[in-house]
Amino acid sequence: MKIINIGILAHVDAGKTTLTESLLYASGAISEPGSVEKGTTRTDTMFLERQRGITIQAAVTSFQWHRCKVNIVDTPGHMDFLAEVYRSLAVLDGAILVISAKDGVQAQTRILFHALRKMNIPTVIFINKIDQAGVDLQSVVQSVRDKLSADIIIKQTVSLSPEIVLEENTDIEAWDAVIENNDELLEKYIAGEPISREKLAREEQQRVQDASLFPVYHGSAKNGLGIQPLMDAVTGLFQPIGEQGGAALCGSVFKVEYTDCGQRRVYLRLYSGTLRLRDTVALAGREKLKITEMRIPSKGEIVRTDTAYQGEIVILPSDSVRLNDVLGDQTRLPRKRWREDPLPMLRTTIAPKTAAQRERLLDALTQLADTDPLLRCEVDSITHEIILSFLGRVQLEVVSALLSEKYKLETVVKEPSVIYMERPLKAASHTIHIEVPPNPFWASIGLSVTPLSLGSGVQYESRVSLGYLNQSFQNAVRDGIRYGLEQGLFGWNVTDCKICFEYGLYYSPVSTPADFRSLAPIVLEQALKESGTQLLEPYLSFILYAPQEYLSRAYHDAPKYCATIETAQVKKDEVVFTGEIPARCIQAYRTDLAFYTNGRSVCLTELKGYQAAVGQPVIQPRRPNSRLDKVRHMFLEGNVKIHNRQDGNNQKLWRVTMEYSKEDLMEAKKQIWGVGENMGTEESKKIWEENAQFWDNAMGDESNEFHREVVRPKVTELLSPNPADYILDIACGNGNYSSYLAQRGASVVAFDYSKKNDRIG
């Protein structure tokens, strides 16, 4: 049995979900069609999906027709889910684009058709709701020609009164779109020679498969009109021509989901070969995977199976398989897969309404981020805020809805802001040497920074030979650079540059990788200061369709939103602009356009990349707990003071102080007593306890090479403890040094603000 995978896409309220139910019912897969109003459909089961008329996550169902199994992959229809849209489209053999006969081609219709053309997906157009009053099919077909493609073939003649009659269009003139693009058929047509129906059908199928011809069918999904001809078309036109695939196994993962009970499942399109239960299959570039359980869609349900064949959609339980992973031989992938997973452009903070739900919220966000590469979640280690990075505002709305509906969590979300980046302005270099004050590390590092063209990313090169500086030191420098790039001069990630490790020197035997790891970001920061950096912000390229009467306003309003119009042309009754716009301005521009054009404008956007920011630099405050900030004070002249004297009883007194500015002290006070003016003592204590747990893990006896091999010996050298000494350790932390000094014979008294740590004292 042949297996075909199709997608159904549509503008809001065009009838996509109803059509899916009608296909399942007409084929006998289900005994009764589900209702969108009642929420009983096989797809779009989330409240937000029903409310907004959009598919949020790809779902799968299936039916059988004419000895062919058809899997329906319900693809997301909003460009905020760009990555999932393209991933889902890549596994399709064809698509049905649904258009409402009452509303015609709408904004989202054009956006979806644009995505289908971009991916070269064979597409059939279904004009739905022809049974509604006041329908003008001729104008709908004309809008398809004008706004989507002129390369269409009308497959039916339609009579709407006195009753609706659908008949196959057998007129030879109906095949004009097929004949005119084939020289052989065109010559026969001009010569008046007969052309067999088989040749026309074969040429039509070839054109459809090439995504250069789009058949148009009519019907009413709600009443079952035109459903069987549509199923005939799907099973006939979308079947691959010739032999496909082969014996070797090849499958691609296009979706990850978590069940209500927390089980992780991956969705796989099997392009070639056969997958059986208990098989052990190769996972490209990783460990092999043992197949312990398989599910497939079958007759409107998801069922267990022992065997899956070429073309099938397979659902596997797995905690290790990731999105875009390839099982088996990746050279057998038939279509170039979409690889452009763009970076998130926006970010915000999210918090639970009650503190008790924080851990549940973090677990839920971890799961959601696992299913969507354009959603990222992190926790600021000082402020303890949960930070979300994402692509668009609808995506954020969906996250909130999922948290509420699926995870039963209510959240508070701040207004999103744009994620900026930085790029060096010119080539620069800097070197810090061993034992040259105020360098506290046993390491010498020289780095150079060279700007690269926009979109190049970060390149790294070590010009220090391994014979001169071993691999562990080299790796430590690279780690330090990677960390240093996280915060540029304006506080944003640094990109589009080449970093070269030009010079390195160690001091045997006291130098450790930790010296190089800690010094590298300091050197990089100094090099960036000499270079200077420019702020970058995300830009979108756009195609704008607007009614011709709004040409002047659309053109002259563009600079108000920092948009640049590159081309402008008039097509019949509408104007088409192309250009680029900062991502931070697109929402306002779209809203304004929709308002004064009464919703008749369409703005197609694609991520273009980062470009030089317009306006004043947007400075992001540095994270106060960063490793860079912790060692930066060591490089401030006069910051570290050592006091060493004898008291009246000839006992040694020794202390180290670090002097800070007033601003430093105010920031420290804020961090000690909690974030925000209204944080109480109990909350502050809680933060200290969390910090205590961190340091307990990070500074244990065997956990930190730098402190074990460098700092402890230095402490011993400075204090030279003996049994007659009394040592007071203020803010002892986990007691690492207190116990170390006590082992050397000194009497030690230690205490800490945290009760967890105070047990040591």
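Projecting label points 7 angstrom from Cα along Cα→Cβ for T578 and T307 puts them 5.1 nm apart. A Förster distance of 60 Å, applied to the separation of the beta-carbon atoms of Q548 and T280, puts the FRET efficiency at 0.45. Compared with the direct C-alpha span, the chain from E173 to N722 gains 187.1 nm at full extension, assuming 0.36 nm per residue. For the peptides 733-741, 5-13, 453-461, the ranking by mean Cβ contacts within 10 Å, running from highest to lowest, is 5-13, 733-741, 453-461. Translational diffusion coefficient of region 152-200 (Stokes-Einstein, Kirkwood radius from Cα pairs, 20 °C, 1.002 mPa s): 176 µm²/s.
Distance between the modelled labels on Y507 and S747, one decimal in nanometres: 3.6 nm (7 Å Cα→Cβ projection). A Förster radius of 30 Å combined with the Cβ-Cβ distance from T259 to H384 puts the calculated FRET efficiency at roughly 0.50. Peptides 160-173, 401-414, 212-225 ranked from most to least packed give 212-225, 401-414, 160-173, packing being the mean of other C-beta atoms within 10 angstrom over each peptide's residues. Stokes-Einstein, applied to the Kirkwood radius of region 271-430 over Cα pairs at a viscosity of 1.567 mPa s and 4 °C, places its translational diffusion at 67 µm² s⁻¹. Stretched out straight at 0.36 nm per residue, the stretch from E193 to S453 would grow longer than its current Cα-Cα span by 87.6 nm. Which FRET efficiency, nearest 0.05, do S739 and Q206 yield, Cβ-Cβ r, R0 60 Å? Once the sixth-power term is evaluated, E becomes 0.15. Applying 0.36 nm per residue to the separation of L186 and D363 and subtracting their alpha-carbon distance, the gain on full extension is 57.4 nm. Convex hull volume per residue, computed on the Cα atoms of region 415-468, equals 174 Å³.
When the Cα gyration tensor is reduced to axis lengths a ≥ b ≥ c, the ratio a/c is 1.5 or higher for region 250-332, and with a/b not above b/c it is classed as oblate.
A simple spin-label model places pseudo-atoms 7 Å from Cα toward Cβ; at A594 and E397 they are separated by 0.7 nm. Cβ crowding within 10 Å, taken as a proxy for footprinting-reagent exposure, orders T61, T495, T259 from fewest neighbours to most as T259, T495, T61.
Distance between the C-alpha centres of region 350-423 and region 294-323: 30 Å, rounded to the whole angstrom.
Any read-out appearing in this document is the output of simple, stated calculations on the displayed coordinates, not a laboratory observation. Quantities reported herein were computed from a predicted structural model and do not represent experimental measurements. Cβ coordinates were reconstructed from backbone atoms using ideal geometry, including for glycine residues, and neighbour counts include every protein chain displayed.
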